[in-house]
Amino acid sequence: MKLTEWFKLESLHISSSPLLLSVIGIFVLLVTSFVRILRKLYKGKSFHRDDFNSLALDPLDFRSFKLIEKAIVTPNVRLFRFAASHPEQLVNVPLGKHIYAKAWINGKEVRRPYNPINKPNQVGYFDILVKIYPAPYGLFSRYLDSLEIGDCVEFRGPKGKFEYKRNMKKRLGMIAGGTGITPMFQLIDAILNDPLERTQISLIYANHTEQDIIFRNKLESLASQFPTRLKLYFVLNQPPSSWSQGVGFINEKHIQHHLGYASSSIMILVCGPPAMTKAMMILLNKLGYKGEDIFKF
Ligand SMILES: Cc1cc2nc3c(=O)[nH]c(=O)nc-3n(C[C@H](O)[C@H](O)[C@H](O)COP(=O)(O)OP(=O)(O)OC[C@H]3O[C@@H](n4cnc5c(N)ncnc54)[C@H](O)[C@@H]3O)c2cc1C
């Protein structure tokens, strides 16, 4: 007799017997529990393979990442490298997106966004560049600074509205202040090292002193490698006596001279402290930039 036929008979038979019904109920329960246990076991066994194939960062779930390197970039800026669970695992850090770090500090859960500076196809690890604020400020940055190699931090991401498409504009005009360089650096490095890219970039980068300029060597070496594609202009409000670039805060003349007036071929990206970005918006509006011409990180 065919199984289906047998089943039909049984089910007809069952409907008329409450005892058999509960026996079947228990049987179904046992089978589903058994299947659940098998699934868990399978997941456990294939953990490393799944991990390898999936992305290290998840936009919804915080996941734990081990600190594997820590470097001093400027007197108050550090670079932290966190490892994915597998050295060849894709991290998932699209251009211009940020990720959230989470930790328990003084009995409270604290979260802060940071812009990873890696290329979108980064595997095995990701890097965040963080300014360490002095006490009583800097709750999270001082916590990060206190970490030892091997300590873990939870991260979730990527997040953010910025969407970059290859060659989407002929030119990108960038205005950054301090650690506001992070999304700009990620974009500059990725765009210039992409053989299918033609985008030209002009960066105006503001800092207090010359030693505060983050990634100066790296930026200058990219500018000499791609002289027609990357132009740099540093602005310092405490410049050394020999300084020949911008002095004070970024002003209308700096923007007009290095980025130019608004046009359909250029998009402006701004990232820095709130007071600076507010001032930049006013200057950019004066030069005709508005709405979609500008993205504020
Ligand atoms: C989308 C996004 C991306 C970001 N990416 C980065 C990044 O890549 N790198 C990075 O370093 N930061 C980044 N930040 C900022 C970061 O999220 C935190 O805000 C920063 O690390 C400070 O957090 P904290 O807990 O250390 O300091 P907090 O305890 O929050 O204190 C810092 C704040 O204290 C205030 N403060 C500091 N010094 C003084 C002073 N002398 N007088 C008065 N007030 C003062 C300032 O308002 C300052 O913002 C990003 C922020 C956003 C929104």
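The values are calculated or read from the model by the stated rules, or taken from the named source; none is laboratory data. The structure displayed is predicted, hence computed values, not measured ones. A quick note on method: Cβ atoms are made from the backbone with ideal geometry, for glycine too, and the neighbour counts reach across all protein chains shown.
Points worth noting:
- Within the stretch 53-78, residues that are over 12 Å from Leu129 (Cα atoms) and in contact (Cβ under 8 Å) with a residue 60 or more places away in the chain sit with their Cβ atoms under 8 Å from residues that are among the basic types (Lys, Arg) and loosely packed, with under 13 Cβ neighbours inside 10 Å, at 6+ positions apart or across chains, in these pairs: Pro59/Lys159.
- So Lys253, is it of a type in the set (D, E, K, R) and either under 25 Å from Pro116 (Cβ atoms) or not in a helix (DSSP H, G or I) (or both): no
- Restricting attention to the stretch 178-196 and to residues that are more than 9 Å from the ligand (Cβ to nearest atom) and within 18 Å of the chain's Cα centre (by Cα), the residue that is surrounded by the fewest Cβ atoms within 10 Å (Cβ to Cβ) turns out to be Asp189.
- Unmet requirement for Ser263, which otherwise passes all of (1) closer than 15 Å to Lys169 by Cα; (2) buried (at least 19 other Cβ atoms within 10 Å of the Cβ): (2)
- If the condition is being without any contact (Cβ under 8 Å) to a residue 40 or more places away in the chain and either out of contact with any Lys or Arg (no Cβ under 8 Å at 6 or more places or on another chain) or within 10 Å of the ligand (Cβ to nearest atom) (or both), then the stretch 103-132 contributes Trp104, Ile105, Asn106, Gly107, Lys108, Val110, Arg111, Arg112, Asn121, Gln122, Val123.
- Candidates in the stretch 148-166 are the residues that are outside any strand (DSSP E or B) and within 13 Å of the ligand (Cβ to nearest atom); of these, the one that is nearest to Ile294 (Cα to Cα) is Phe162.
- Only residues that are out of contact with any Ser or Thr (no Cβ under 9 Å at 6 or more places or on another chain) and loosely packed, with under 14 Cβ neighbours inside 10 Å were counted in the stretch 219-242, giving 7.
- When Lys170 is tested against (1) within 26 Å of Ile191 (Cβ to Cβ); (2) in contact with a helix residue (DSSP H, G or I) (Cβ under 6 Å, 6 or more places away or on another chain), just one condition goes unmet, and that condition is (2).
- Residue in the stretch 74-83 that is over 30 Å from Tyr261 (Cα atoms), within 10 Å of the ligand (Cβ to nearest atom) and surrounded by fewer than 16 Cβ atoms within 10 Å (Cβ to Cβ) present: no
- Any hit, the stretch 251-269, residues being out of contact with any His (no Cβ under 6 Å at 6 or more places or on another chain), within 16 Å of the ligand (Cβ to nearest atom) and at pLDDT 95 or above: yes
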